[in-house]
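Below is one structure, written out as structure tokens, with a few remarks after it.
The values are calculated or read from the model by the stated rules, or taken from the named source; none is laboratory data. None of these values were measured; they are calculated from a predicted model. Glycine also receives a Cβ, built like all others from the backbone with ideal geometry; neighbour counts cover every protein chain displayed. Each accessible area value is taken on the protein alone, full model and side chains, heavy atoms only, with ligands, DNA and RNA left out. Shrake-Rupley method; radii C 1.70, N 1.55, O 1.52, S 1.80 Å.
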Amino acid sequence: MPTLQRFPASRVLMVADDHLLPHVHVKRNDGRECTVDIDTLEIKGRIAAREIRDELVWIAANRALLHGEWRRYNP
């Protein structure tokens with residue numbers, strides 16, 4: 001599971017051979033995690049949007065990169 005970006009309280013990761021629509025995983029340092037849809041920024045999991053504001057801004061700003069990585073890890 002490659003780390004795409006690190007933040008003080010979390011990491012943004014992508015899983016190879018994953019399921020669903022293109023998404024990333026956000027893992028908080030406290031062990032909680034969620035998935036974030038790359039296109040819609042919809043969050044699924046036990047993390048509120050207010051807790052990952054910076055991560056959502058980064059995901060939105062890097063959609064092209066993330067789609068490229070999704071295609072690379074999920075052919």
*asked:* Taking the conditions exactly as written (open to solvent by 30 Å² or more (accessible area, probe 1.4 Å), of a type in the set (D, E, K, R) and in contact with a Leu (Cβ under 9 Å, 6 or more places away or on another chain)), does Glu69 satisfy them or not?
replied: yes
*Hey, can you tell me all the residues within region 21-42 that are among the β-branched types (Val, Ile, Thr) and open to solvent by less than 50 Å² (accessible area, probe 1.4 Å)?*
Val24, Val26, Thr35, Val36, Ile38
*Counting only residues that are over 14 Å from Val57 (Cα atoms), among the charged types (D, E, K, R) and modelled with pLDDT of 95 or more, how many does region 9-37 have?*
5
*Just checking, which of Ala16, Ala60, Ala64, Ala49 is in contact with a helix residue (DSSP H, G or I) (Cβ under 8 Å, 6 or more places away or on another chain), free of Cβ contacts under 8 Å to residues at least 40 places away in the same chain and open to solvent by 30 Å² or more (accessible area, probe 1.4 Å)?*
Ala49
*For Ile43, indicate whether it is modelled with pLDDT of 95 or more and in contact with a Cys (Cβ under 6 Å, 6 or more places away or on another chain).*
yes
*Residues of region 1-52 being under 10 Å from the mean Cα position of the chain (by Cα) and of a type in the set (Lys, Arg), which ones?*
Arg11, Lys27
